[in-house]
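The values are calculated or read from the model by the stated rules, or taken from the named source; none is laboratory data. This structure is a prediction, so every number in the text was calculated from the model and none was measured. Neighbour counts run over all protein chains shown; Cβ positions are idealised from the backbone, glycine included.
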């Protein structure tokens, strides 16, 4: 006996309601890029504002009366001053105004390019800095270029060579990166200027006087760059395209320079933004060791004379250079590397 089972024809089938797709479409690449750049620009502006505010507070809240200090420097006599004597100084520099108004005048002056008046030289701070900035820029650029030359030569000539050579230069790079620039400058001065007499003791604005200061700044930076790129250089040497190039009969030097080096440069390039700012601030040390013109000597003179507007002006300039260079580096990465862009 066969039992037939009927399936109801009106059985309801469950369906998932298909409402409107709430998935947010990805933003266009241009919009995402602009959004990321805007974030980084906002962060940079905040850092600049914070540096400017701290600089103002340093000038305004340091112990001692600024008007008394300026008047003592004018007369060359350190003594207590009466209110009548200090009144013209307070009025001229705005010290008699409330702190919030002084801060506002300070900010609006910066927007106009006014960094204040030097307490010692009685000149605009922008003029004092502008007269000495180019020797510092030349030294910074020369030291950076020299560091890159040393780092690239070290990598191309020593990586994956005889094991003891590779280990030796890797250790030398670590030692160079750890060298204090002030100590290195003195050693170079004693050896090459005083003992050997090859280079001048006092560095001028010429090419010969630029060698020792550039080495002082460039050797430690070369150690940093070489360390950052050495592991990438070694990893790239094991890539299949290197073996293919060898099979095609290319020389080892050609492979290292034209194929491997361009891949190994990326970690070093990521440090360039930091390196420019670091070299600019470190140039102050080299300029004082070798008696070179530049912001270094201006800064030391201003510190010794308690010329706060000049000191703060140089500090703000260095901070601004750091911010601008790192901002440009970040923007370049956002534009070039799509992995840093938001997809949501």
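Summary of values
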item: Odd one out for residue 306, checked against (1) at pLDDT below 80; (2) surrounded by 15 or more Cβ atoms within 10 Å (Cβ to Cβ); (3) over 18 Å from the mean Cα position of the chain (by Cα); (4) part of a helix (DSSP H, G or I); result: (4)
item: Residue match in segment 292-302 (condition: farther than 26 Å from residue 123 by Cα and in a helix (DSSP H, G or I)); result: no
item: When residues of segment 253-270 are limited to those that are closer than 18 Å to residue 220 by Cα and in contact with a helix residue (DSSP H, G or I) (Cβ under 6 Å, 6 or more places away or on another chain), the one surrounded by the most Cβ atoms within 10 Å (Cβ to Cβ); result: 268
item: Wholly enclosed helices (runs of 4 or more DSSP H) of segment 225-278 bearing at least 1 residues farther than 13 Å from residue 156 by Cα and out of contact with any strand residue (DSSP E or B) (no Cβ under 8 Å at 6 or more places or on another chain); result: 240-247, 261-270
item: Pairs with Cβ under 6 Å, 6+ apart, first in segment 161-172 and surrounded by 12 or more Cβ atoms within 10 Å (Cβ to Cβ), second in a helix (DSSP H, G or I); result: 165/158; 166/158; 169/154; 169/158
item: Search result, residues across segment 180-206 that are in contact with a helix residue (DSSP H, G or I) (Cβ under 9 Å, 6 or more places away or on another chain), modelled with pLDDT under 80 and under 19 Å from residue 137 (Cβ atoms); result: 203, 204, 205
item: Residue within segment 87-101 that is in a loop (DSSP other than H, G, I, E, B), exposed (fewer than 10 other Cβ atoms within 10 Å of the Cβ) and modelled with pLDDT of 80 or more present; result: yes
